[in-house]
1. For residues that are surrounded by 20 or more Cβ atoms within 10 Å (Cβ to Cβ), among the aliphatic types (A, V, I, L, M) and part of a loop (DSSP other than H, G, I, E, B), tally how many sit in the stretch B:132-144.
2. Would you mind stating whether B:Arg125 is within 14 Å of chain A (Cβ to nearest Cβ), free of Cβ contacts under 8 Å to residues at least 60 places away in the same chain and not in a loop (DSSP other than H, G, I, E, B)?
3. Can you go through A:Lys48, A:Lys80 and tell me which one is over 30 Å from A:Gln384 (Cα atoms), modelled with pLDDT of 70 or more and of a type outside the set (A, V, I, L, M, F, W, C)?
4. Output the number of the condition that A:Ile292 fails; it satisfies all remaining conditions of (1) of a type outside the set (Phe, Trp, Tyr); (2) part of a loop (DSSP other than H, G, I, E, B); (3) touching a strand residue (DSSP E or B) at 6+ places or on another chain (Cβ under 8 Å); (4) farther than 30 Å from A:Ser386 by Cα.
5. Condition check: within 16 Å of B:Gly79 (Cα to Cα), under 15 Å from the mean Cα position of the chain (by Cα) and surrounded by fewer than 19 Cβ atoms within 10 Å (Cβ to Cβ). Does B:Leu191 satisfy that?
6. Only one of A:Ala387, A:Ala364, A:Ala394 is under 19 Å from A:Phe426 (Cα atoms), among the small types (Gly, Ala, Ser) and surrounded by fewer than 24 Cβ atoms within 10 Å (Cβ to Cβ). Can you tell me which?
7. Looking at the stretch A:436-448, I want the residues that are under 18 Å from A:Leu404 (Cβ atoms) and modelled with pLDDT under 95 and have a partner that is surrounded by fewer than 20 Cβ atoms within 10 Å (Cβ to Cβ) and of a type in the set (Phe, Trp, Tyr) with Cβ atoms under 9 Å, at least 6 apart or on another chain. Which pairs are those?
8. Could you count how many residues in the stretch A:332-372 are under 13 Å from A:Thr312 (Cα atoms) and among the small types (Gly, Ala, Ser)?
Amino acid sequence: MAAVQETIDKVKAIDVDQYKYGFVTDIESELAPKGLSEEIVAYISAKKEEPEWMLNWRLEAYRRWKTMDEPTWARVEYPKIDFEDLHYYAAPKKREGLKSLDEVDPEILETYKKLGIPLSEQEILAGVAPEHRVAVDAVFDSVSVATTFKEELAKAGVIFCPISEAIREHPELVQKYLGSVVPVSDNFYATLNSAVFSDGSFVYIPPGVRCPMELSTYFRINEQNTGQFERTLIIADKGSYVSYLEGCTAPQRDENQLHAAVVELVALEDAQIKYSTVQNWYPGDSEGKGGIYNFVTKRGDCREKNSKISWTQVETGSAITWKYPSCILRGDNSQGEFYSIAISNGHQQIDSGTKMIHLGKNTASRIISKGISAGVSQNTYRGQVSAHRKASNARNFTQCDSLLIGDKCGAHTVPYIESKNSTAVFEHEATTSKISDDQMFYCQARGLNEEEAVALIVNGFVRDVIQQLPMEFAVEAQKLISISLEGSVG
Amino acid sequence: MLEIKNLHAEVDGNKILRGIDLTVRPGEIHAIMGPNGSGKSTLSYVLAGKEDYEITEGSITYNGVDWEELGADERAAAGMFLAFQYPIEIPGVATMTFLKTALNAQRKARGEEEISTPDFMKLVREKAKELKVTPDMLKRPLNVGFSGGEKKRAEILQMSLLEPSLCVLDETDSGLDIDALRIVSEGVNQLRSPDRSMIVITHYQRLLDHIVPDVVHVLSKGKIVKTGGKELALELEKNGYADYVDEEAA
């Protein structure tokens, strides 16, 4: 019996090690009652001190949502979600009149510190050279708790703030752009998000400005039985440039938690947006219990000519991922890019990919997707490339590679390609491979142990995408890949 | 010291090695020659610890350690190096990255500190120059698109960097032109040392003109059928393996 117990303890210990962000912060929260109704929508809107137009926008979304059904076309399986059994708003209780970082609950500051995200500007300044500074907006459950370097950014004319603040302070921008890329009735989860979103980041880069530092939002779900519905809106005005990073983690809990975010990007003439994500939500334990349901709508609109949007994502977390960061190439000569690494291990299920919708002339897009499956996971790439009637000379190149580790996982590729213009040229390349025994032996004969060998081979497999990430993120992503694949061999 | 006693080994149930006895002392170079299918490559894989190559009888010990107890990576950390006949491609992993990862993995396994990046760069540049491995080659993914000569030079570069005490070179001469053969052999000769044992596996005498062995063995049908000095290789070059193969059959 002792030996059995020892084994059980060991297995438990392994799980905790693998997901090192699984801790819970003990703070007092303010929760909305469970369930969803017009009253709850009004409650959230009131909490955020929103103007009436915003409340009406939310209520319209809520009414639309009630008529919609959950989509079932993705290659993922999970028990039906009871949308009445969730809290739609959770906020750490705060003292009145929070004016500066010094007043943020120390428990929360400690949480972000543990996650490797210092929120004190002094601390950040002490550690890094000015060109490597990153301004951070930290979202804890439903609210933004801190945004750093706001003043310095304001000098450059850049607005970087919680979206709830933007609704109050910059209503003209929000009203003009919110829902203009992902319409209120776009899809089940996006519509739900439109009704109940509580916070997220808002970015506006004025014409001709190159944002002086990387912007970043760090999402953390803490409270039990809550959904996190964040909303991000980024507008790059004519001739501007911004690079934005997003990171996410959650505690280890036995229940599944819902995360349904919407991200909208708008690039005007000659503007460029680079959006990078390292998604590391809790993936569930080795039995497939718990983990985040990640149902996300991300879309960028290259609204005017010569604009460019590129998505880079490293997806290692979540029990279920349903996510298709897309580009609408509306402006002539606009460009869209999608670089993705999606790793599934254990019981994780991923259905992810992109859409490149070519509407303007001479538009170009590029898709590089690297899927890695291990354990008993299922990993699907789903992508759509289409050219409108008027999209003459549209170009797309897609490369979609899958790597399998072990013989109990699955990799699937589902490309949709549609061209209504005879001058469009679309290329699609796909490969599926396994790590070969010969590669493993070669690495081991040079002194690498099994896990080091797998990590090295996988890092080689994903190199094209890692190179697209900002420096600091690339290092983190490589480490994350090794951790995600621990225990995937043998 | 490497001691192989009555070694029998099989792959997927096929008996390949049928009782090999071989002792290699520090500082010695032993050549193993033999016709196709005699078990030369199998011997190298069994020594390096490839999975599916099963020892069914006999033993291998190196410096008193039972080799069967160790995995391939542990053997590498204990001084074993196999120069592959067909080096494997690792896409996306720069040769430089691979070298550093391997060196540090071995150091870690031996409880030593990792080498610093500047020290490592200096070391690699030095060794690479001797083997005419260009900086461009070091940036390219390991063995991907390398010519036959480049692959073998990269193998010897790894050997020179990892400083093993027991080297097995499996048909390192195959696929090399005369110039490449000379460069590779010079690289190997520079690694000759009183503390280092080498086993050179080859079909042909010509490699042994450059890397002169202390002892030559003839392997046939999984057994060593003849052992002699370096002149044995010359005799084989003239008369072929027929004598030994027939002898065995008779």
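The values are calculated or read from the model by the stated rules, or taken from the named source; none is laboratory data. It should be emphasised that the depicted structure is a prediction, and the values quoted were computed from it without experimental measurement. Every residue, glycine among them, receives a Cβ derived from its backbone with ideal geometry; neighbour counts consider all protein chains shown.
1. Residues in the stretch B:132-144 being surrounded by 20 or more Cβ atoms within 10 Å (Cβ to Cβ), among the aliphatic types (A, V, I, L, M) and part of a loop (DSSP other than H, G, I, E, B): 2 in total.
2. no
3. A:Lys48
4. All conditions are met except number (2).
5. Taking the combined requirement at face value, the residue satisfies it.
6. Matching residue, one of A:Ala387, A:Ala364, A:Ala394: A:Ala364.
7. If the second residue must be surrounded by fewer than 20 Cβ atoms within 10 Å (Cβ to Cβ) and of a type in the set (Phe, Trp, Tyr), the pairs left are A:Asp438/B:Tyr86.
8. So the answer is 6.
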